[in-house]
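Okay, structure first, notes after.
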Amino acid sequence: MDFSLVTSAFETLRITPPSRLILLEAQMLSSAHVPPYPPDMPVLLIGIDSQELASHVRTVLLTTYPKEHGLFWVDRGRWKEERLTGLSGEGFSESLCLYVPALGEGTSFESFAEIVAHLRAPDGCPWDKEQTHETLRKHLLEESYEAISAIDLGDFADMREEFGDLLLQIVLHSQIANEEGQFNINQVVHGIHSKIVRRHPHVFGELELDGVDGVLANWEKLKEKERKELALSGAEGKKQEKGLLDGVPKILPALNQAQEYQDRAARVGFDWPEIEGVLEKITEEIDEVKRATNEAELTSELGDLLFALVNLARWKKVDAESALRGTNMKFKKRFGYVENGAKLQGRELSSLTLEEMDALWNEAKVSGL
């Protein structure tokens, strides 16, 4: 890398060199999908020697910077400003540089980790300093459900906010663990990075797999291998190998848990060969519900029926939890319509007959609720 280009670039732009700067060979972005640096720092890309490379740099930058973000081409005492959306360039050579001003304060993961650490510092927030993994547990659960709710509503502005709230919980838990000498956020990121690479040899290695089914089957093989290795590395060499389903969180909602159990079992071949078997099982479970003679039997048979229905959803590639949640919301809206209908008539809901409520319900359906 020709470091003299740095001094030359800022002299040409007639601006004071920033106190911090990321210096990169532009070729570093040739195989990137997102910028490989924190965007709250200015960047000087050196050696944009082709239109193809310039086009790819533009594509990568657009994943993070706004279309109107201003950038500066610099080469041999000349400079030109362009907006990212129209970035084209000319006179490509090893000396052509592209200066990318910082995106702004608080736009990098590193800056976010810093403010979370500050919250826990001696001069931080009294409430945040008192928190533990246990006291934050309910907040992590609440933020997870709020993020799911935003997804269900298809509200992208709400999703962005809720994902941020969820990220806060993850970074805050990691900061607490760091203070206790357990692990830090970099180890969290490194761990999931390594796991994704390890479990995608068909992307990051040379393994060839046949479609999604092949990917999922290989995924289970890799996880099984990991479980065995983890068991063998246990205390005093004792084997403590976990089963295929042990990795499914016990706290998951029942429908999610059932579908995950079925998915994992199916990946190793424990599944009906045809969907007819699934449908027959549902019919069988309905008959057993009808034959139940006491509450314990009824509870057990209804559970079996629900499990069989979840399996049908899995076969049809429908998320059972989302399907039921959608129906719950539909019921809530339609029932709200019935309640409002009673109010418009100046009556209490309980004074309506079933036929009157059913008529309002059908109006709700016709209206698209």
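Annotation for segment 10-36 versus segment 290-369: alpha-carbon center distance of 58 Å. Relative to its Kirkwood radius, the Cα radius of gyration of segment 175-289 gives an Rg/Rh of 1.07. Take every Cα pair under 8 Å whose residues are at least 6 apart in sequence, average their separation, divide by the length of the chain, and the relative contact order is 8 percent. Taking the convex hull of the alpha carbon positions in segment 79-125 and averaging its projected area over all directions gives 5.5 nm². Ranking GLU206, GLU321, GLU284, GLU110 from most to least accessible surface, computed with a 1.4 Å probe over the protein chains only, gives GLU206, GLU110, GLU284, GLU321. Here is the list for segment 267-369: trypsin sites (Lys or Arg not before Pro) lying in DSSP coil, each with at most 10 other C-beta atoms within 10 angstrom of its C-beta, are LYS317.
Each 5 Å bin from 0 upward holds the following percent of the Cα-Cα pairs of segment 130-177: 5, 24, 28, 19, 13, 8, 3, 0. Counting every alpha-carbon pair across the chain, the share separated by more than 27 Å comes to 70%.
Split the accessible area of the chain by element, probe 1.4 Å, and carbon with sulfur accounts for 56%. For the chain, modelled as a GNM whose springs connect Cα atoms under 10 angstrom apart, the maximal fluctuation among GLU114, GLU224, GLU297 occurs at GLU297. When nucleic acids and ligands are ignored and a 1.4 Å probe is applied, MET28 ends up with an accessible area of around 110 Å².
For the pair segment 39-105 / segment 146-222, the C-alpha centres are spaced 30 Å from each other. Both radii are taken from the alpha-carbon atoms of segment 261-336; with Rh as the Kirkwood radius, Rg/Rh is 1.05.
Using the Cβ-Cβ distance between THR7 and ASP155 with R0 set to 56 Å, the FRET efficiency from 1/(1 + (r/R0)^6) comes to roughly 0.70. Were the residues from TYR337 through GLU276 laid out at 0.36 nm apart, the gain over their Cα-Cα distance would be 18.1 nm.
Using 0.36 nm per residue and subtracting the Cα-Cα separation, the extra length available between ARG325 and ASP49 on full extension is 94.0 nm.
Annotation: per residue accessible area for the chain equals 64 Å², rounded to a whole number [probe 1.4 Å, protein chains only].
The values are calculated or read from the model by the stated rules, or taken from the named source; none is laboratory data. All values reported here derive from a predicted model rather than from experimental measurement. Every residue, glycine as well, gets a Cβ built from its backbone with ideal geometry; the counts of neighbours run over all protein chains shown. Each accessible area value is taken on the protein alone, full model and side chains, heavy atoms only, with ligands, DNA and RNA left out. Shrake-Rupley method; radii C 1.70, N 1.55, O 1.52, S 1.80 Å.
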